[in-house]
1. Which numbered condition in (1) open to solvent by 80 Å² or more (accessible area, probe 1.4 Å); (2) modelled with pLDDT under 75 is the only one that Gln166 fails?
2. Restricting to segment 77-96, and then to whatever is in contact (Cβ under 8 Å) with a residue 40 or more places away in the chain and open to solvent by less than 40 Å² (accessible area, probe 1.4 Å), can you tell me which residue is farthest from Leu22 (Cα to Cα)?
3. What is the number of the single condition among (1) exposed (fewer than 11 other Cβ atoms within 10 Å of the Cβ); (2) modelled with pLDDT under 70; (3) small (Gly, Ala, Ser) that Ser117 does not meet?
4. Name the single residue, out of those in segment 27-47 being among the acidic types (Asp, Glu) and open to solvent by 40 Å² or more (accessible area, probe 1.4 Å), that is modelled with the lowest pLDDT.
5. For Gln24, indicate whether it is surrounded by fewer than 18 Cβ atoms within 10 Å (Cβ to Cβ), at pLDDT below 90 and closer than 30 Å to Leu109 by Cβ.
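The values are calculated or read from the model by the stated rules, or taken from the named source; none is laboratory data. Being a predicted model, the structure only gives us computed values, none of them experimental. Cβ: placed from backbone, ideal geometry, glycine included. Neighbour counts: every protein chain shown. These accessible areas exclude ligands, DNA and RNA; they are computed on the full protein's heavy atoms, side chains included. Shrake-Rupley method; radii C 1.70, N 1.55, O 1.52, S 1.80 Å.
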Amino acid sequence: MMSWPEARRIARSLEGKIDTKLCQYLKAAGSLRVEPSDEETASSPVKALEGEIDTLLQKLGSVTDDMRKLTASGNSSAEEFEMMNRYQSLFHQFSNDFKRTKRTVDNNLKRARLLGSRHDSKNPSLADIRPHEALEKERDGLFSSLGLVDKLIDQGKLTYDELKNQRSLFGRIGGTMAALGRQFPQANDFIKKIRDKQNRDTVILAFVIASCMFFTVMYIMYSG
């Protein structure tokens, strides 16, 4: 395990190197334009930076571990303890930035491979355009579909609001009729009697019609 002055010196040196390499990596990743035919050539500088940054991060992680062990011995000052925490935070920050940018680069390379293997064979209209232009076309189509879905959702909301209003209206009407029935029980009884009389008249009429049909059929059968 190295001494504290040596660990502090190496940590400062690694901090500057990693910061510089990360800036270069972010810039290279942002300007990366990969054609399906030259994916390996276009990604070589970026991959080289990835290897360098990964090696530097491993060294910084080892140095921060030594710093943590030195401060855990109990003979360290508050300044040394604070410095150890600072470099541990820097290590996690650098690692997260590197992983996030690396995921973006890997996704760009995957899209380039996807465009190279699919667009030329399955979509001839995209064969003569660059991968990022094809992605823009696909993105526009996706946004158009999302716009249509939004319209359908809005129409569904309007229909739902109308049905909700109708339900409230029917509820108020039902409540009003029930209140009228309670306030005017005689009128309610009168309406019930009318309905009962209509039902009896319907039954009698059906019986008369059935009897007429029966006697008519019997007359035709016996008269023949």
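1. Answer for Gln166: the failing condition is (2).
2. Out of the qualifying residues, it is Met83.
3. (1)
4. This residue is Asp38.
5. yes
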